[in-house]
Amino acid sequence: MTDAELEVIGDKIVGVIKTIYDPEIPVDIYELGLIYDVFVNENNEAKILMTLTSPNCPVAESLPKEVEDKVTTLDEISSTEVEITFDPTWTQDMMSEEAKLELGML
């Protein structure tokens, strides 16, 4: 698989992730900065490194599962693994300008 093909798949994954919203904040989890990295290997297996707004996040169980389920629906993806990390700890500085604008922080 070429780098260009991987980039297209990566963009599709990001597109799917942008349809998933934090239930407490009206902004998608990508713009919130909760997605740290997206990997796709030659077997079309995706691995997503993400965090939560806090370790006590009420959707700590369901949000990663939603990401996994939705990304796996892409035809190009054979399986998805979501890994949760709190290193680095999420802060509001990780939000995109779009998210900050949406939340009235700019």
Seminar exercise, completed: With only helices counted (DSSP H, runs n ≥ 4, each -39500 (n - 2.57)), the per-residue ellipticity at 222 nm for the chain, to the nearest 500, works out to -9000 deg cm²/dmol
Exercise. Which order do E5, E97, E66, E42 take by accessible area at a 1.4 Å probe, largest first?
Worked result: E42, E97, E5, E66
Problem set entry | Label of the coordinate-derived value, percent of Cα pairs over 17 Å apart, listed as (i) 45; (ii) 51; (iii) 61 | (ii)
Exercise. Which value, in debye to the nearest 20, describes the size of the charge dipole of the chain about its Cα centre when Lys and Arg Cβ atoms bear +1, Asp and Glu Cβ atoms bear -1, and nothing else is charged?
Worked result: 280 debye
Seminar exercise, completed: So for R0 = 22 Å, FRET eff. of M1-L49 from the Cβ-Cβ r, to 0.05, ends up at 0.60
Seminar exercise, completed: Here the range 44-61 yields Karplus 3J(HN,Hα) values (6.51, -1.76, 1.60; θ = phi - 60°; whole Hz; Gly and Pro given as x) of 6, 9, 9, 10, 10, 9, 9, 10, 10, 5, 7, x, 9, 3, x, 10, 4, 8
Exercise. Rounded to a whole number, what % of the accessible area of the range 1-86 do carbon and sulfur atoms account for, probe 1.4 Å?
Worked result: 49 percent
Exercise. Where only protein heavy atoms count, and the probe is 1.4 Å, what is the accessible area per residue for the chain in Å²?
Worked result: 58 Å²
For this session: Let me know the shape class of the range 55-106, please: from the alpha-carbon gyration tensor, a ≥ b ≥ c as square roots of the eigenvalues, rounded when a/c is under 1.5, otherwise prolate if a/b is greater than b/c, or oblate.
Result: prolate
Seminar exercise, completed: Among the Cα-Cα pairs of the range 3-62, the proportion with separation greater than 17 Å, in percent, is 42 percent
Seminar exercise, completed: By the mean-Cβ-within-10 Å protection proxy, highest first, 86-92, 17-23, 49-55 rank as 49-55, 17-23, 86-92
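The values are calculated or read from the model by the stated rules, or taken from the named source; none is laboratory data. Predicted model, so just to flag it, every value in this text is computed and none were measured. Methodologically, a virtual Cβ is constructed for each residue, glycine included, from the backbone with ideal geometry; neighbour enumeration extends over all protein chains shown. Note: accessible area is taken over every heavy atom of the protein model, side chains too, but ligands, DNA and RNA are not part of it. Shrake-Rupley method; radii C 1.70, N 1.55, O 1.52, S 1.80 Å.
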